[in-house]
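Enquirer: My questions will all concern the structure given below.
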Amino acid sequence: MILNKSFNISMQQEYKEGENFNKADFTTTPLKKGEYENCTFMNCDFSKSGLSGVKLVECWFENCNLSMLNMAILANIFLVE
């Protein structure tokens, strides 16, 4: 089964596949709990944000501010300069 659009896994969790996020400020509105697969984040600000309950699977980050994030999270994502 291929899922191209977001849908609600449960009442509190999101599933997004292949989505593009551009210039999103996750310092004020955190990324919703759930799974993000093959998503691209460009020019987004994650500084000092919590990613508790967020699973990132093969996501790409380009020109994003990832300062103050847990290193265990950063070990499982791809960074593009």
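Enquirer: Is it the case that some residue within region 60-77 is modelled with pLDDT of 90 or more and under 12 Å from residue 19 (Cβ atoms)?
Expert: Within region 60-77, the first condition is being modelled with pLDDT of 90 or more, and the residues that meet it are 60-65.
Retained after the next criterion (residues that are under 12 Å from residue 19 (Cβ atoms)): 60.
Yes, because at least one residue in region 60-77 is modelled with pLDDT of 90 or more and under 12 Å from residue 19 (Cβ atoms).
Enquirer: Of the residues that sit in region 10-26 and are polar (S, T, N, Q) and assigned to a strand (DSSP E or B), which one is nearest to residue 65 (Cα to Cα)?
Expert: Our first condition is that a residue be polar (S, T, N, Q); within region 10-26, this holds for 10, 12-13, 20, 22.
Remaining after also requiring assigned to a strand (DSSP E or B): 20, 22.
Numbers: 20: 16, 22: 12 Å.
Out of the qualifying residues, it is 22.
Enquirer: So how many residues does region 8-49 have that are aliphatic (A, V, I, L, M) and modelled with pLDDT under 90?
Expert: At the first step, the residues of region 8-49 found to be aliphatic (A, V, I, L, M) are 9, 11, 24, 31, 42.
Next cut, modelled with pLDDT under 90 only: 9, 11, 31.
Total meeting the criteria: 3.
Enquirer: Also: Could you please find all residues in region 27-46 being part of a loop (DSSP other than H, G, I, E, B), more than 9 Å from residue 64 (Cβ to Cβ) and of a type outside the set (A, V, I, L, M)?
Expert: Residues satisfying the conditions are 27, 28, 29, 30, 32, 33, 38, 39.
The values are calculated or read from the model by the stated rules, or taken from the named source; none is laboratory data. From a predicted model like this one, the values you see are computed outputs, not experimental measurements. Don't worry about glycine lacking a Cβ; one is built from the backbone with ideal geometry, like all the others, and counts go over all protein chains shown.
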